[in-house]
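First up is the structure itself, then whatever we jot down about it.
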Amino acid sequence: MFLRTLKVFSLILLLYSCSNSNENLIYKPTENLDPFKLYEDGLIAFKKNDYFFADKKFSEAELNFKDVELAAKSAIMSSYSLYGINYYDEALENLERYLKVYPADKNVIYAHYLTAIIYYEQISDEKKDLQPLIKANKKINFFIEKYPRSEYAIDLKFKKDLIENQLAAKELYVAKYYISTQKWVPAINRLRIIVDKYDKTIFIEEALHRLVEIHYYLGLENEATKYAKILGYNYNSSEWFKQSYKVFNKDFKLNVDDNYEKKNKKSEKSLLKKIIEIIN
């Protein structure tokens, strides 16, 4: 299970207060269920890590509060409780409902942040399914664009970099497979995705080099030169630039290895595992 980020729980401290100073601003409960008592019971349970009971009480409090602000606070605390027991789907559903019902609530930013964190923590095995990575990246980008000066944006920017490195790694892996089977067009397309979308990742240099190799091999020297210039201008001290420089030697031969996938499976797995460990 992914480690909890401290920032998530620091947000909860901002949501804890449900003080008596607000009593003159809300309707007194007229039913048998006292929403203040329900909310207080939820907080006590939450602090004891009894998230099941906390969720139950926060949900009941939301239904009984007649004050919209306090009902909204109960709803988002219910979402944090569900998150605390790894009920990700339920937490996301609750957060989506909260954002629709209480769009003007002052705690909306925390709902968006928690949504991004939940998608991020669902990243498990990107080799089997890229969708968690793509969804997490989308939610993180939304938050960064909407709240660029938020302190939470810094945390999410770091996570965004890690996610994009994983996505770029996958594109490069597939591109190399296509190279090994001499399927040049799909290989070029995959490499261009890295250049266009993931140019700030650690894989951009190799992607540019592979584009130089393929285009030169196909006799498209102008295209090869274009990518070599981009690589040289931005990464002139890179080993990949040195390799690209050698490509223009008349004796150059592209190394097409039919056993690429088998030989590189271990190294690719190790790299992606390392990135996952950084995330954790």
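Every read-out reported here was derived from the displayed coordinates using simple, explicitly stated rules and does not represent laboratory data. Predicted, not measured: the structure shown is a model, and the values here were computed from it. In this analysis, Cβ positions are derived from the backbone assuming ideal geometry, glycine residues included, and neighbour counts consider all displayed protein chains.
When HIS209, HIS112 are arranged by Cβ crowding within 10 Å, least crowded first, meaning fewest neighbours, the order is HIS112, HIS209. For ILE85, no residue 5 or more places off, or on another chain, has a built amide H under 5 Å of its own.
Net charge within 12 Å of PRO103 by Cβ-Cβ distance, Lys/Arg positive one each and Asp/Glu negative one each, not counting PRO103 itself? For residues surrounding PRO103, the net value is +1.
With Rg and the Kirkwood Rh both taken from Cα atoms, where does Rg over Rh land for the stretch 28-145? Rounded to two decimals, Rg over Rh is 1.04. Measuring nothing but alpha carbons in the stretch 144-226 and taking Rh as the Kirkwood radius, the Rg to Rh ratio lands at 1.13.
Residue order for LYS159, LYS226, LYS100, LYS146, fewest other beta carbons within 10 angstrom first, comes to LYS100, LYS146, LYS226, LYS159. Using the alpha-carbon centroid of each, what span in Å lies between the stretch 188-238 and the stretch 123-182? A separation of 20 Å, based on Cα centres.
Placing +1 at every Lys and Arg Cβ and -1 at every Asp and Glu Cβ, with all other atoms neutral, what dipole size does the stretch 40-129 have around its Cα centre, in debye to the nearest 20?
180 debye
Annotation for GLN182 and GLU221: the two label points, set 7 Å from Cα along the Cα-Cβ direction, are 2.3 nm apart.
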